[in-house]
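Encoded as structure tokens, the structure appears first; notes follow it.
The values are calculated or read from the model by the stated rules, or taken from the named source; none is laboratory data. It should be emphasised that the depicted structure is a prediction, and the values quoted were computed from it without experimental measurement. Methodologically, a virtual Cβ is constructed for each residue, glycine included, from the backbone with ideal geometry; neighbour enumeration extends over all protein chains shown. Areas reflect the complete protein model, heavy atoms only, side chains present, ligands, DNA and RNA absent. Shrake-Rupley method; radii C 1.70, N 1.55, O 1.52, S 1.80 Å.
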Amino acid sequence: MNLLPVKEKSKIYPLAAIRDGIIFPKTENILVFGRKKSLLALDEALRKDKKVVLVLQKNASLDNPQSNDLHPIGVLAEIVKYHQGEKGEINALVRGLARVKILNFTKTDPFFEVRTEQFPLKIEDNEEIRAMVRYIIDQIKKAINLGKAVDFVLLANILNVSEIDDLEKFANQVVNIFEIKVEERQKLLEKNDIKSLLNHEIELINKEIKILEIERHISSKTQRKFEEGIKESILREKMRTIEEELGEGREAKEINEYREKIKKAKMPKKVEEKAFEELKRLAQMSQFNPEASYIRTYLDWLVSLPWSVASTNDVDLKEAQKVLEEDHYGLKKVKERILEYLAVMKLAKRQKKYEDEKEKLKLKQHQPTILCFVGPPGVGKTSLGKSIARALGRKFVKVSLGGIRDEAEIRGHRRTYVGAMPGRIIQGIKQAATKNPVFMLDEIDKVGRDYRGDPSAALLEALDPEQNHSFSDHYLEVDFDLSDVFFITTANILDTIPNALLDRLEIIHFPGYTEDEKYNIAKNHLIKKQLFAHHLEDRKILFIEESIRTIIRRYTREAGVRELERQLATILRKIAREIIEKKIEEKKIIITPNKLHHYLGPYKYPTQMIEEKNTIGIANGLAWTQAGGDILFIEVATMPGKGMLTLTGHLGDVMKESCQAALSYIRARYGIFGLEKNFFNKLDIHVHVPEGAVPKDGPSAGIAIATAMISALTKIPVKKTVGMTGEITLRGRVLEIGGVKEKVIAAHRAGIKKIILPKENKKDLEDIPQYVLKDLNFVFVSHMDEVLKIALAFPGKKPTFDFSAVKPFATLALKKVN
């Protein structure tokens, strides 16, 4: 071995900085050199005597360390072997020769070159040092027994006690056993005597043994717990097998809990038998069986349903009436029907007091009626359901059916499906936690159907009073009694509800609100609600009557009050912003009509919608829409042509047929109207209904279409203040129509003074407010001839048409055949 001569005081060597690969004297290691300075230093060493000083840099992240970035103590090493890699790096096997101390840097570029002197380790060989060596050897053996991995060759060199005559070599070899940071290795390298070096190594080996003991303890504890779990599982399986063989059942805590829950639920006998049957299956199953979780979920549903829990059902009609009046303005007939229902319910409760079974059979049991609230959006259908629940003292549950297309949403999924659940009805009953809630099925007219089934068909059993005492949900597989549930359904229209389902419902129509009703609703309900919603309840914000009515007339056009509420909310939002930005301290703020433009912008709707003067070819029809009543302007124009009838305005098939029927009526009576016999062959007639993007259909515009056609052909204007509605036949008869209240209110709002209605609709005026009736003149007709006398603005005082000279169309046709 080539060692540095002892007498040599200092010598110059090339220096290579290393990041973490410290070697010690009399030990070997493979290092990789890739930085430019290090490679040049190695080239210089190989060119001379293969000796290079290896020094650890203080910061390993530096790629180009300077002289002050290196530790002052390093190792003089000899390059034993080396190999150059593909990318220019050098893999070198280096052997440590001696500790050296850097005296000064003789060169820093292009590589480091330093003057060094030896930094020898002071060696003492006495009993204490030998004892420390033996102690380290024993501790290494102990560490190996605890699981420490040590290189076999290195271990052989250390444990060969008889050959430990070189204490420095022993101490340096031991350093390679430790899993320590590079800074800690540098500290060991800088030790200047054997005793302090061995003491430091003893501390390190003791620390590693402590860590190994903790690791073994944790591992042993984990292994023990795992073995105990396996042991317990095996013993339980054996015990279950033994119990099955002996015919003895050992009920677990979970099974006992379910048993108690089933008893407390007070289920019907058949349902309880089903629950215990499933519980028995669960008790016989292994806890690792995946089906066990499905049975637990099923049992959880069974025990959580309110089989015997009911709300108090003591109906107080006066209190119920008070609640309905507090929550809703108007809707007189609807409230009367609700109170009638509650009265029947109270009588049904008294009937249950009869104890004689024969007497019970004589009295027909009360079957609860399923109510269906039908009306345009925003008229209070859903909120009335909540009021009914409050009046009855029952829980309220609402399920929205809009867009449901899967039958399983109503009746549940079979338990064989993954993620199966009961249907919406059973879920609603669980949510209510009573078996007699007020259950609202919202938007029943918007239920869809597709390949997954027809959800409306699944509602038939639930909404049939004769059947719903044994409603079957696919998930539960047992009957649930829905006869005590107060079902209410809501819809905007009836056309999309299947007849079979409609037959089970008692229809209650919600008409659109009049202006007076909207005013009172806004004054008594909406303004208060919005003041709280906008945190303005502590300020006195007053809407004068004219302001509210102006909002209703000029900023909304609807049957309900949702848009009205939105407009009120808009005003209050702007007031809230002004209070914050302008720091308004005034408590009282009055909303006058003059301020509405500031808050809501320009008017959205005109007050007078009818024509400014009597016009030829334009008649005022009355229409019913989902949003309430509206005015339908019928425009007719004639032009030279070949007898074509053009219909525009997005008209439906029924309305198109009304146009053809009106034209046939006119052609059959051409002489009365002063028209040529073949007038139609020389003219084209165009019928148009404005707002062409809005679909329009129905027969009720028949007399308005006929009036506009006759006006266009005879050039006699139609009175601008007359509105009309009624279906027309080929003989000119005027037939009954629907939606009278909504149409009359719309006509009143538009400024129409006289309304022509079919005679059969005279009975419908009872539903119209008195103040509306006072402002309007109603004329009831049965024939088109009567309509023309009233609707057309004849030049003189009397009609120019001689209707008395005309024989009925049928008589003329009969004479022609004969």
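Summed over the stretch 382-399, residues that are outside any helix (DSSP H, G or I) and touching a Lys or Arg at 6+ places or on another chain (Cβ under 9 Å) total 3. Of the set (1) β-branched (Val, Ile, Thr); (2) within 27 Å of Asn492 (Cβ to Cβ); (3) open to solvent by 20 Å² or more (accessible area, probe 1.4 Å); (4) modelled with pLDDT under 90, all apply to Val654 but (4). Residue check: is Asp20 open to solvent by 30 Å² or more (accessible area, probe 1.4 Å), out of contact with any strand residue (DSSP E or B) (no Cβ under 6 Å at 6 or more places or on another chain) and within 20 Å of Asn176 (Cα to Cα)? Judged against the criteria, Asp20 is a match. When the stretch 581-612 is limited to residues that are among the β-branched types (Val, Ile, Thr) and assigned to a loop (DSSP other than H, G, I, E, B), the one that is surrounded by the most Cβ atoms within 10 Å (Cβ to Cβ) turns out to be Ile610.
With the condition kept exactly as written, say whether any residue in the stretch 545-561 is modelled with pLDDT of 90 or more, of a type in the set (D, E, K, R) and more than 27 Å from Gly629 (Cβ to Cβ). No.
In the set (1) open to solvent by 60 Å² or more (accessible area, probe 1.4 Å); (2) part of a loop (DSSP other than H, G, I, E, B); (3) under 20 Å from Ile745 (Cα atoms), the condition left unmet by Arg553 is number (2). When every residue of the stretch 114-133 is checked against the conditions, at least one turns out to be within 21 Å of Phe24 (Cα to Cα), among the acidic types (Asp, Glu), at pLDDT 80 or above and not in a helix (DSSP H, G or I).
Restricting the search to the stretch 530-563, which residues are among the charged types (D, E, K, R) and more than 27 Å from the chain's Cα centre (by Cα)?
At the first step, the residues of the stretch 530-563 found to be among the charged types (D, E, K, R) are 537-540, 545-546, 549, 553-554, 557-558, 562-563.
Matches in the stretch 530-563: Glu537, Asp538, Arg539, Lys540, Glu545, Glu546, Arg549, Arg553, Arg554, Arg557, Glu558.
Kindly indicate which of Thr434, Thr416 is under 23 Å from Leu371 (Cβ atoms), over 25 Å from the mean Cα position of the chain (by Cα) and of a type in the set (Val, Ile, Thr). Before you say what the answer is, go through the steps one by one.
On the way: Thr416 fails: under 23 Å from Leu371 (Cβ atoms).
The match here is Thr434.
Out of all the residues in the stretch 91-102, is one or more open to solvent by 10 Å² or more (accessible area, probe 1.4 Å), within 16 Å of Leu40 (Cβ to Cβ) and assigned to a strand (DSSP E or B)? No, every residue in the stretch 91-102 fails to be open to solvent by 10 Å² or more (accessible area, probe 1.4 Å), within 16 Å of Leu40 (Cβ to Cβ) and assigned to a strand (DSSP E or B). Among the residues of the stretch 497-518, are any assigned to a loop (DSSP other than H, G, I, E, B), surrounded by fewer than 19 Cβ atoms within 10 Å (Cβ to Cβ) and under 30 Å from the mean Cα position of the chain (by Cα)? Checking the stretch 497-518: at least one residue is assigned to a loop (DSSP other than H, G, I, E, B), surrounded by fewer than 19 Cβ atoms within 10 Å (Cβ to Cβ) and under 30 Å from the mean Cα position of the chain (by Cα). Report yes if some residue within the stretch 720-728 is on the phi > 0 side of the Ramachandran plot and open to solvent by 50 Å² or more (accessible area, probe 1.4 Å); otherwise report no. No, the stretch 720-728 contains no residue that is on the phi > 0 side of the Ramachandran plot and open to solvent by 50 Å² or more (accessible area, probe 1.4 Å). Within the stretch 589-607, one or more residues are closer than 30 Å to Leu324 by Cα, in contact (Cβ under 8 Å) with a residue 12 or more places away in the chain and in contact with a Phe, Trp or Tyr (Cβ under 9 Å, 6 or more places away or on another chain). Filtering Ile205, Ile230 for residues that are within 49 Å of the chain's Cα centre (by Cα), on the phi < 0 side of the Ramachandran plot and assigned to a helix (DSSP H, G or I) leaves a single hit, Ile230.
For the criterion of being open to solvent by 90 Å² or more (accessible area, probe 1.4 Å) and either closer than 30 Å to Arg414 by Cβ or modelled with pLDDT under 85 (or both), Lys360 fails. Going by the conditions given, is Val478 out of contact with any Phe, Trp or Tyr (no Cβ under 6 Å at 6 or more places or on another chain), surrounded by fewer than 17 Cβ atoms within 10 Å (Cβ to Cβ), among the β-branched types (Val, Ile, Thr) and farther than 23 Å from Leu371 by Cβ? Against the criterion (out of contact with any Phe, Trp or Tyr (no Cβ under 6 Å at 6 or more places or on another chain), surrounded by fewer than 17 Cβ atoms within 10 Å (Cβ to Cβ), among the β-branched types (Val, Ile, Thr) and farther than 23 Å from Leu371 by Cβ), Val478 does not qualify.
Taking the stretch 73-86 as the search range and keeping residues that are open to solvent by less than 70 Å² (accessible area, probe 1.4 Å) and either part of a loop (DSSP other than H, G, I, E, B) or small (Gly, Ala, Ser) (or both), which one is nearest to Glu184 (Cα to Cα)? Walk me through it before giving the result.
Of all residues in the stretch 73-86, those open to solvent by less than 70 Å² (accessible area, probe 1.4 Å) come to 73-80, 85.
Checking the rest, the ones that are also either part of a loop (DSSP other than H, G, I, E, B) or small (Gly, Ala, Ser) (or both) come to 74, 77, 85.
Details: Gly74: 14, Ala77: 20, Gly85: 31 Å.
Once the filter is applied, the top-ranked residue is Gly74.
The set of residues from the stretch 564-616 being closer than 30 Å to Leu331 by Cα, modelled with pLDDT under 90 and within 35 Å of the chain's Cα centre (by Cα) comprises just one member, Lys604. Of the residues making up the stretch 437-458, those that are open to solvent by 10 Å² or more (accessible area, probe 1.4 Å), in a loop (DSSP other than H, G, I, E, B) and either hydrophobic (A, V, I, L, M, F, W, C) or under 30 Å from Gly393 (Cβ atoms) (or both) are Glu443, Val447.
Determine which member of the set Ile672, Ile705, Ile745 is crowded, with 22+ Cβ neighbours inside 10 Å, at pLDDT below 90, β-branched (Val, Ile, Thr) and on the phi < 0 side of the Ramachandran plot. If you could, list the steps in order and put the result at the bottom.
On the way: Ile672 fails: crowded, with 22+ Cβ neighbours inside 10 Å; Ile705 fails: at pLDDT below 90.
The conditions single out Ile745.
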